[in-house]
Structure formats: structure tokens, C-alpha cells
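Chemist: Following this message is one structure expressed as C-alpha cells.
The values are calculated or read from the model by the stated rules, or taken from the named source; none is laboratory data. No experiment lies behind these values; they were computed from the predicted model shown. Glycine gets a Cβ as well: all are built from the backbone with ideal geometry, and neighbour counts include every protein chain shown.
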Amino acid sequence: MKLKSNGIQITGYGDYYPEKILTDEEIRARLKYPDMHPAEKAVIGDIGVTKRHRANEKETSVYMASKACEMAMKNAGVSPESIDLYLFCNWTERYYLPDLAPQASMLNGTKNALAFDLGTACTGFVHGVQTASCYLQTGKWKKALVVGAERFSERTKKGGYGEFTAGDAAAAVVMEYTGTTETGVIDTCLFDVGSLVDVITCNAPAGLIRSYPDLVTNAADYSLKAIDLLMERNGLKESDITWVVPHPGTDIVVKDILKRTKIPKEKYLMNYPKMGNVSAASIPTVLAEYYNNGTIKKGDTILAPAVGGGFYWGGILYIA
């Protein structure tokens, strides 16, 4: 089927991974309990992560975001001065004030950009692409940076099994309005489900994430629902999709999605085993890795679903 985009292209990809790789052995050495609690097992499953990156004191979300954006701009062949919108997707290091986006934008030298933060947890990147699309379609903004940067390790209990699944990373894309409809953003969607606000919580003063067993089924259900919605309203069949890039959540969520998906498993691209859950950075780290290594090619149709605490669900459909 011949799809037409909204004229907005993703023209550059960048990522940043902290220097330190935390091994399973290091985490096991400080576990408070040798066996996983049944409640944790219900959410985490078999872990499914063999290594994960851990940010040091210097590698704040702002720092990682600036590095990913620097790479994305170089990848796209655009200057910092040409960027006029800078969207920073993060929840793990948010403060009351100031926002993180202006700080990261200053490091990147994107002095002409309007910079602001977006939340919506693990759907942050979807939110960012959707928001940037809305701005760019007005014609007043021409180029945008959308970056997901998270230190998820800061929101997990030290000495608990959640440490195995949480990673730190950043990834960014450059989005430009070109008017070309052969490639680019086809559709985005983002919804909230207020009745599910309690399946994932991260409350003061501890600021540590807590997930409940209901999360697993709902995360898989709504990820699949996002895929179905974007395909149905754009008249697509499974064969029309080149790659699916889902936000993984946890290993048990991934397995549930792959068990029930109508799209062949071979079309799913993920880096969860070597990255863990990096929240708003999950989808863009995969896009950056697989585009820059040649797996994702120009003309490929990408579908990226996500769910996030809040509770949010949605996705992105675009032609690379």
C-alpha cells in the first residue's frame, strides 16, 4: 500500500551510553534476598537482561541528552543554530524547577530553539515525536530535536531485583519539515487510561518505582492495541510493516507481546537484553542503533508502540 507522510522526516539519529557496564555478578553480590519475591517475579519474569549501562556522577540525563543530540545533528548534517525546537523526554531526573531541556539545549548550542520537558514516562519519546509533529506542521518551526534521556537506575531499589532490568541511556532524533510525503511520519497516537494509574507508581520521598502484577497484562494489551490501531486506521496489513520497535518494559511483557502478536517475531527489533529498560530512551536507542548499522533502511515502514506509567499508551508509524 502506498502511504503518504505528513511531510515531516526523521533525518538524523544519535545515542549515548554510559561508560560503565554493570554485570549480573555485581548486582548479585549485593542482593538482600537470594530469591526473587513472587510479586517481583510476576512483573519481572526471567529478567532477560545480561548487562546494562550505569551512569556515573558526570553522566546526568542532561549530559547524556546533549551527547545524543550532538550525534543526531551530525548524523542529519544540520547545525545547532538551525534547530528551533528541543523536546526533552525524561521522568527519572525531573525537578520542580528548572526544566532539564533548556540546560541540555544550552550544552548543544541550540540557542534559537524553544526547549521544554515532556513526561509521560516510558511513552515519552512517542509524546515527543507527536508534539514535534504538531509544531512542525504549523510551518513556524522547521527543525526539531526529540531526545529521550533516562537514568532509570536512580528509580530502582538498590539490592533488589529491579536493578537487573533498569538501564541508563539517551537517544535522539532530528525531525524536519520538508514537505516530502514519500517518507516521514505517517501517524502517531497517545492516550491515557486514568483507571490504571496505580499499576506503576513512583512516589515521594523515596522516589523509587513500584510495579504491580496488573501491569504485565495491561502493558502487553495496550502495546498490541497501539499496533492494531495504527495499522487499522492507515489500512495496513502485517506484510506492510518492515519493523516493529516496541518499548519493552520487562522480559515477561516482551514475551507476552511476542506470543500474541500478528506480526512475525522476526520483524521485532529490540536491544532489551543488553540495555534493560531505559524508559523514554528505549525506542530511540533501537532506532539509532539499527539505522546507523544499516538494518533499518530508507523506505522501511516502522511501527513503534509504547506504554508508560500514568497510565499512557500509544505509538509512532513512519517511513524511514
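Chemist: I need the strands (runs of 3 or more DSSP E) fully contained in segment 120-206, keeping only those with at least 1 residues that are in contact with an Asp or Glu (Cβ under 8 Å, 6 or more places away or on another chain) and of a type in the set (Asp, Glu).
Modeler: It comes to 143-151, 168-177.
Chemist: Ok, one more. Restricting to segment 268-300, count the residues that are among the charged types (D, E, K, R) and within 14 Å of Ala72 (Cα to Cα).
Modeler: Result for segment 268-300: 1.
Chemist: Among the candidates Lys41, Lys51, Lys20, single out the residue that is within 24 Å of Leu287 (Cα to Cα), of a type in the set (Lys, Arg) and free of Cβ contacts under 8 Å to residues at least 60 places away in the same chain.
Modeler: Residue meeting the stated conditions: Lys20.
Chemist: Being surrounded by 22 or more Cβ atoms within 10 Å (Cβ to Cβ) and either of a type in the set (Lys, Arg) or without any contact (Cβ under 8 Å) to a residue 60 or more places away in the chain (or both) is the filter here; which residues of segment 133-148 pass it?
Modeler: Matches in segment 133-148: Lys143 only.
Chemist: Kindly indicate whether any position in segment 168-183 is touching a Pro at 6+ places or on another chain (Cβ under 9 Å) and of a type outside the set (A, V, I, L, M).
Modeler: Looking through segment 168-183, at least one residue is touching a Pro at 6+ places or on another chain (Cβ under 9 Å) and of a type outside the set (A, V, I, L, M).
Residues checked against (1) outside any helix (DSSP H, G or I); (2) modelled with pLDDT under 95:
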position: Leu215; (1), (2): no, yes
position: Ala220; (1), (2): no, no
position: Ser223; (1), (2): no, no
position: Leu230; (1), (2): no, no
position: Asn234; (1), (2): yes, no
position: Ser239; (1), (2): no, no
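Chemist: Return the residue satisfying two criteria in turn: it lies in segment 305-315 and is over 11 Å from the mean Cα position of the chain (by Cα) and among the hydrophobic types (A, V, I, L, M, F, W, C), and of such residues it is farthest from Ile10 (Cα to Cα).
Modeler: Step by step, filter segment 305-315, then rank; the result is Phe311.
Chemist: List the number of the failed condition for Lys4; all other conditions in (1) more than 28 Å from Leu230 (Cβ to Cβ); (2) out of contact with any helix residue (DSSP H, G or I) (no Cβ under 7 Å at 6 or more places or on another chain) hold.
Modeler: For Lys4, the exception is condition (1).
Chemist: How do the pairs read when you match residues in segment 302-320 that are at pLDDT 95 or above and surrounded by 24 or more Cβ atoms within 10 Å (Cβ to Cβ) with residues anywhere that are of a type in the set (D, E, K, R) and in a strand (DSSP E or B), using Cβ under 6 Å and keeping only pairs 6 or more apart or on different chains?
Modeler: That search, which allows pairs on different chains as well, returns Leu317/Asp187.
Chemist: Being buried (at least 20 other Cβ atoms within 10 Å of the Cβ) and among the hydrophobic types (A, V, I, L, M, F, W, C) narrows it down to one of Ile21, Ile27, Ile44, so name that one.
Modeler: Being buried (at least 20 other Cβ atoms within 10 Å of the Cβ) and among the hydrophobic types (A, V, I, L, M, F, W, C) holds for just one of Ile21, Ile27, Ile44, which is Ile44.
Chemist: Hey, can you tell me all the residues within segment 128-171 that are farther than 18 Å from Ser105 by Cβ and among the hydroxyl-bearing types (Ser, Thr, Tyr)?
Modeler: Within segment 128-171, Ser133, Thr138, Ser153, Thr156, Tyr161, Thr165 qualify.
Chemist: For segment 71-91: of the residues being buried (at least 17 other Cβ atoms within 10 Å of the Cβ) and polar (S, T, N, Q), which is nearest to Gln130 (Cα to Cα)?
Modeler: Among those that are buried (at least 17 other Cβ atoms within 10 Å of the Cβ) and polar (S, T, N, Q), it is Asn90.
Chemist: What residue, of Thr217, Thr261, Thr180, Thr165, is among the β-branched types (Val, Ile, Thr), within 30 Å of Asn292 (Cβ to Cβ) and surrounded by fewer than 15 Cβ atoms within 10 Å (Cβ to Cβ)?
Modeler: Residue meeting the stated conditions: Thr180.
Chemist: Which count do you get for residues in segment 267-301 that are outside any helix (DSSP H, G or I), of a type in the set (A, V, I, L, M) and surrounded by 23 or more Cβ atoms within 10 Å (Cβ to Cβ)?
Modeler: Going through segment 267-301 one residue at a time, the tally reaches 1.
Chemist: Follow-up question, since we're still on this one. Suppose we filter Arg155, Arg151, Arg94 for residues that are crowded, with 19+ Cβ neighbours inside 10 Å, closer than 18 Å to Ser279 by Cβ, charged (D, E, K, R) and touching a Leu at 6+ places or on another chain (Cβ under 8 Å); which single one remains?
Modeler: Step by step, each of Arg155, Arg151, Arg94 is checked, and only Arg155 is crowded, with 19+ Cβ neighbours inside 10 Å, closer than 18 Å to Ser279 by Cβ, charged (D, E, K, R) and touching a Leu at 6+ places or on another chain (Cβ under 8 Å).
Chemist: Does segment 269-279 contain at least one residue that is at positive phi, of a type in the set (Ser, Thr, Tyr) and touching a residue at least 24 places away in the same chain (Cβ under 8 Å)?
Modeler: Yes, segment 269-279 contains a residue that is at positive phi, of a type in the set (Ser, Thr, Tyr) and touching a residue at least 24 places away in the same chain (Cβ under 8 Å).
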